[in-house]
Amino acid sequence: MEEQEINRLRKVIGRNTIGDLLRRAARRSPDKLAVSFYDTKLTYRQWNDAVNALAHGLHDKGVKCGDHVALIGRNSLDYLSGFLALAKLGAVSVPINPALKEQEMAYILSHGDVRHAFFDAQLETIVTKASEIAGISLEVRLKLNEKGERSLSGAASTDTSEFWSDIDETTPVQILYTSGTEARPKGAVHTHRSLIDQYASIIIAGQFSEHDVTLHALPLYHSAQLNAFFGPMLYLSAGHVVVDRPDPAILIEEISKNEVTLFFAPPTVWIGILRSPEFSPERLKCLKKAVYGASIMPEEILKELNRVLPWVKFYNMYGMTEVAPFATSLPPEQQLIRPRSVGKPGVNVEMTILRDDDSEADVGEIGEIAFRTSHAMREYYKAPELTLQAFRNGWYHTGDIGFIDEEGYLTIVDRKKDMIKTGGENVASREVEEVIYLHPAVQECAVVGMPHPKWIEAVVAAVVVRQGQNVKEQEIIDHCKKHLAGFKVPKAVVFVDSLPKSASGKILKKDIRENLASQGFYFD
């Protein structure tokens, strides 16, 4: 009995979960301004009390430890409080892109074994339809950013005592669905430990500090904003500013008004800030650190940012949802020296390049980028074969192609999985292709990413029309709009006589991109 009690107490004393981070921040810095969401502001003590009250209320409504709960909405204080309350409960958050169509959302609800959902009020109809398509009945349905009985805030209890659940660091806390070459998204399962280990890695790489104030403008349903910036800042009890969309005018205003010191955005957003009529370098004088990722920053834009904001330290960071997501970082002093590199691995990350036979490549040799890290996902949810394939021979295989130079810097050459990154969103080409193939006039198609001045990459479809059929570009685009979220819909459709193929019949997408470029295809 004594040994059992010792083990129980050891677990309580040594536990390190995401809910614990908020409690510690509240004890360490109770009266510090924790979060601002436009006119709403909370100290760390107030936020921890509010999250505890919400955890108690959700438990009373039937949300239990281990339940899977969808979070579907734009950035808000409610969204973050819901995520933290679920973490304290021991429930598993399943963030879902609110731009998805009913069928896309239904797949995640069904495959992810979602039992409850918190969503923006304007999404109620689509969430209802998606749950009907999935054939599930959501037990607890609460609206974000609303008042009343059916709202998340209305579910809170009056009990603000610390909510304690019997979980530990190995307990799953999040399933993030990530697009890949497969037609269906995969659910990357993360534990409290994998996320917190990643927090430590990125804090060191980005020189994050408790004195930082971070603007969360990119979607919190993405691993980058939620796990690479919100989580680490919570760990440090730093300041958070939340906005519901990355509109350049709003970003400039909020950075200036709240004296934001750290900001993350993909290149498309940085370009938008530079081109905004509201932009003035003086308005961003408070900014000290800036991070970009998700796509390669055009070299001319990087030079312009360094010229107009010389006091800002820029970091290029690379990773993916499966590693929570941070993996490598290029520090400020290397930005203009190695503009195509994504830097070196973080402290909890080991990196290599693998040949096709999974042997390790030599310095400078191009191959598949692979990682070993304590912040790798636990598994792909309900997909053991995909998990084994990704983890084979003891490395997480990213599917990205690159090389490591003699000084240990990583450069990405191509994306092996033909992932298209448009405006910071991931689009699986095969998913778009399968929708295009549903059109009766289409014989063959291939979807590729092509350079775009605003979105960095844009989805472009090359289509072979069936003999005797006639179809226009807009018809294909309109067809895709019926089945896909807006960011997945092709920005252009090019009709071709045939698609280039290898001897084995594999469509050569690299050749398609090169052919389009050689024929003068470009976006204005």
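Nothing in this text is a laboratory measurement; each read-out follows from the coordinates by a stated rule. Computed from a prediction, not measured in an experiment: that's the story for all the values here. Backbone-built Cβ (ideal geometry, glycine too); neighbour counts: all protein chains shown.
Classify the range 1-133: rounded, prolate or oblate, from the alpha-carbon gyration tensor (a ≥ b ≥ c, eigenvalue square roots; a/c under 1.5 rounded; otherwise prolate if a/b is larger than b/c)? Could the numbers behind the result be given before it?
Values: a/c = 2.90, a/b = 1.39, b/c = 2.08.
The shape class here is oblate.
By how many nm would the segment from ILE204 to ILE13 grow when fully extended, if each residue of separation counts as 0.36 nm and the alpha-carbon distance is taken off?
Values: separation 191, 0.36 × 191 = 68.76 nm, distance 2.54 nm.
Stretched fully, the ILE204-ILE13 segment lengthens by 66.2 nm.
How many nm separate the modelled label positions at SER280 and LYS472, each set 7 Å beyond the Cα in the direction of the Cβ?
The two pseudo-label positions are separated by 4.7 nm.
Relative to the first principal axis of the alpha-carbon coordinates of the chain, what is the inclination of helix 18-28, with its axis defined by its Cα atoms, in degrees from 0 to 90 and to the nearest 10?
Value to nearest ten degrees: 50.
Under a cut-off of 24 Å between alpha-carbon atoms, report the lysines in cross-link reach of LYS11, not counting same-chain residues fewer than 8 places apart.
Filter leaves LYS64, LYS88.
According to a simple spin-label model (label point 7 Å from Cα along Cα-to-Cβ), what is the distance in nm between GLU434 and LEU508?
Here the modelled spin labels are 2.7 nm apart.
Only bridges whose two residues both fall in the chain count here: according to DSSP, what percent of them are antiparallel, nearest 5?
Working: 51 of 87 bridges.
Counting only bridges with both partners in the chain, antiparallel ones make up about 60 percent.
Using only the Cα atoms, what convex hull volume per residue in Å³ does the chain have?
Spread over its residues, the Cα hull of the chain gives 168 Å³ apiece.
Could you give the dipole magnitude of the chain about its Cα centre, charging the beta-carbon of Lys and Arg +1 and that of Asp and Glu -1, in debye to the nearest 20?
Values: 60 positive and 69 negative charges, 144 e Å.
Charge dipole of the chain: 700 debye, to the nearest 20.
Round to the nearest 10 and give me the degree value, 0 to 90, for the angle of helix 124-134's Cα axis relative to the longest principal axis of the chain.
70
Angle, helix 248-258 long axis vs. longest principal axis of the chain, Cα atoms, 0 to 90°, nearest 10?
That helix lies at roughly 30 degrees to the long axis.
Bins of 10 Å, beginning at zero and ending with the bin holding the largest distance: percent of Cα pairs per bin for the range 419-518, please.
The distribution over the range 419-518 is 16, 51, 30, 3, given as percents.
Any chance you could run the full-extension gain for ASN515 through VAL363? It's 0.36 nm times the residue separation minus the Cα-Cα distance, nm to one decimal. Let's see the in-between values first.
Details: separation 152, 0.36 × 152 = 54.72 nm, distance 3.13 nm.
Between ASN515 and VAL363, full extension yields 51.6 nm more.
For n ≥ 4 DSSP H runs only, could you compute -39500 (n - 2.57) per run for the chain, divide by its residues and tell me the 222 nm figure to the nearest 500? Don't skip to the answer; put the middle values down first.
Working: 15 runs with 161 residues, N = 524.
Calculated at 222 nm, the ellipticity per residue is -9000 deg cm²/dmol.
What shape does the range 62-134 have by the C-alpha gyration tensor, where a ≥ b ≥ c are the square roots of the eigenvalues, rounded means a/c under 1.5, and otherwise prolate means a/b greater than b/c and oblate the rest? Provide the component values of the computation, followed by the final result.
Values: a/c = 2.20, a/b = 1.32, b/c = 1.66.
Here the range 62-134 falls in the oblate category.
For the range 162-241, take the alpha-carbon Rg, divide it by the Kirkwood Rh, and send me Rg/Rh. Before the final figure, lay out each step's value.
Values: Rg = 14.2 Å, Rh = 14.0 Å.
So for the range 162-241, dividing Rg by the Kirkwood Rh gives 1.02.
Roughly what would the spin-label model give for THR40 and GLU132, points 7 Å off Cα along C-beta, in nm?
The modelled label-to-label distance comes out at 3.0 nm.
Sorted from fewest to most neighbouring beta carbons within 10 Å, what does the list CYS480, CYS286 look like? Present the calculation step by step, with values, prior to reporting the outcome.
On the way: CYS480 23, CYS286 14.
Ascending number of Cβ neighbours within 10 Å: CYS286, CYS480.
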